[in-house]
Amino acid sequence: MEKRKIVKGKVKEINKSNLLISFGDRFEGSVSIKEISDYFIEDLNDMFNIGDTISFYVLGYNEKKGKFLLSFKKIRPEYLKKPFKSEISETKNQFNNLFKFTKDEIKKWKK
């Protein structure tokens with residue numbers, strides 16, 4: 001599994017502040033309650049069940065614990081308070097590259 005990829009895993013364990021996710025017999029991952037939602041969650045059991053197969057975003061790998069660090073909310077904007085808080089910085093070419101890319105993509109779709 002690679003960082004910044006979306007992967008599917010099964011909920012193996014539900015704790016008060018995190019989920020333990022299984023990826024077959026080879027890997028395990030952990031999802032902190034902070035990576036599930038920006039909103040208050042009283043009980044993770046209200047959202048998840050043992051055995052649920054769910055997609056997660058890979059944040060990284062914790063060498064100490066031997067587990068992947070995962071995010072549920074990163075690929076689900078409805079769980080983010082500010083899903084569009086990122087800003088695009090102006091570049092040397094301004095937005096010309098983006099504009100050209102967009103025009104080229106539209107041409108491809110029209111074909």
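The values are calculated or read from the model by the stated rules, or taken from the named source; none is laboratory data. This is a predicted model, so every value here is computed, not measured. When we count neighbours, we look across all protein chains shown, and the Cβ atoms used for this are built from the backbone with ideal geometry, even at glycine.
In the set LYS74, LYS82, LYS8, which member is at pLDDT below 95 and surrounded by 10 or more Cβ atoms within 10 Å (Cβ to Cβ)?
One residue alone meets the criteria, LYS74.
I'm trying to understand the selection: among the residues of the stretch 26-36, which are under 15 Å from ILE14 (Cβ atoms) and surrounded by fewer than 17 Cβ atoms within 10 Å (Cβ to Cβ)?
SER32, ILE33
Just to be sure I understand the filter: pairs with C-beta atoms under 9 Å, separated by 6 or more residues or on different chains, first member in the stretch 20-32 and under 22 Å from ASP43 (Cα atoms) and modelled with pLDDT of 95 or more, second member of a type in the set (Phe, Trp, Tyr) and in a loop (DSSP other than H, G, I, E, B). Which pairs pass?
Cβ pairs passing all conditions: VAL31/PHE72.
Cβ-Cβ below 9 Å, separation at least six or inter-chain, first residue in the stretch 43-71 and at pLDDT below 95, second surrounded by fewer than 13 Cβ atoms within 10 Å (Cβ to Cβ) and in a strand (DSSP E or B): which pairs?
none
Which condition does PHE99 not pass, out of (1) at pLDDT below 85; (2) under 30 Å from GLU13 (Cα atoms), if it passes all the others?
Only one criterion in (1) at pLDDT below 85; (2) under 30 Å from GLU13 (Cα atoms) is unmet by PHE99, namely (2).
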